[in-house]
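Written below as structure tokens is the structure these notes are about.
Nothing in this text is a laboratory measurement; each read-out follows from the coordinates by a stated rule. Since we're looking at a predicted model, the values are computed, not measured. Positions of Cβ are backbone-derived with ideal geometry, glycine not excepted, and every protein chain shown enters the neighbour counts.
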Amino acid sequence: MRTLLVVSGDIPLHDEVVGFCEYGVGVETTKEHEGIYQISYIATALKVRGQHLGDTLLTSVIMRLRDDAWRSNRTPLVLTQVDPRNKPSMDLFSRLGFVDEGPDPNDPEYHLLSLEFTPAGSRQFFWQHHSIFLAFKVQSDPHRLRGEAFSSL
């Protein structure tokens, strides 16, 4: 599964991707063990840093995971791995409630971050698809972005 954050340009067919997050089920939940979700990668373009698009992107992913856990009866736990020297990433995950579990035993240069969440179903149509796209159009002030969510078909 993948979530994209897009900025519409002034020229048709020249939209730019300014951020994305790759996420999914890391381990399925079974009777023998609890499963987990994982966030493999999250990034925003340098030109939009500081506009908190990462917050919007990660919030959207968490909403999708909450819905998936509710519908699929999966364990409501998501893990990610972050370089602790990457302060913007550490701050982003912390703002959204992730807990720093310390160094990853398999890769001690990185820290494991976890978030336990409450499954919640969504009645909105677009949460029922595998991919969510958040479209942002540049207004008269290029530093202000307006978001609209829609689903991929």
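Were the residues from Val27 through Ser72 laid out at 0.36 nm apart, the gain over their Cα-Cα distance would be 14.9 nm. Modelled this way, with points 7 Å down the Cα-to-C-beta line, the labels at Ala120 and Lys87 are 3.2 nm from one another.
The length gained on full extension between Tyr110 and Leu96, counted as 0.36 nm times the residue separation minus their Cα-Cα distance, comes to 3.1 nm. Using the Karplus relation 6.51 cos²θ - 1.76 cosθ + 1.60 with θ = phi - 60°, the per-residue 3J(HN,Hα) values for segment 48-55 come to 10, 4, x, 9, 6, 5, x, 4 Hz, with x marking Gly and Pro. Computed 3J(HN,Hα) for segment 68-80, one whole-Hz value per residue from the Karplus formula 6.51 cos²θ - 1.76 cosθ + 1.60 where θ = phi - 60°, is 5, 4, 5, 6, 9, 6, 8, 5, x, 9, 10, 10, 8, glycine and proline marked x.
Whole-Hz Karplus values for segment 108-121 come out as x, 6, 10, 9, 8, 10, 10, 9, 8, 9, 9, x, 8, x Hz, taken residue by residue from phi with 6.51 cos²θ - 1.76 cosθ + 1.60 and θ = phi - 60°; glycine and proline positions read x.
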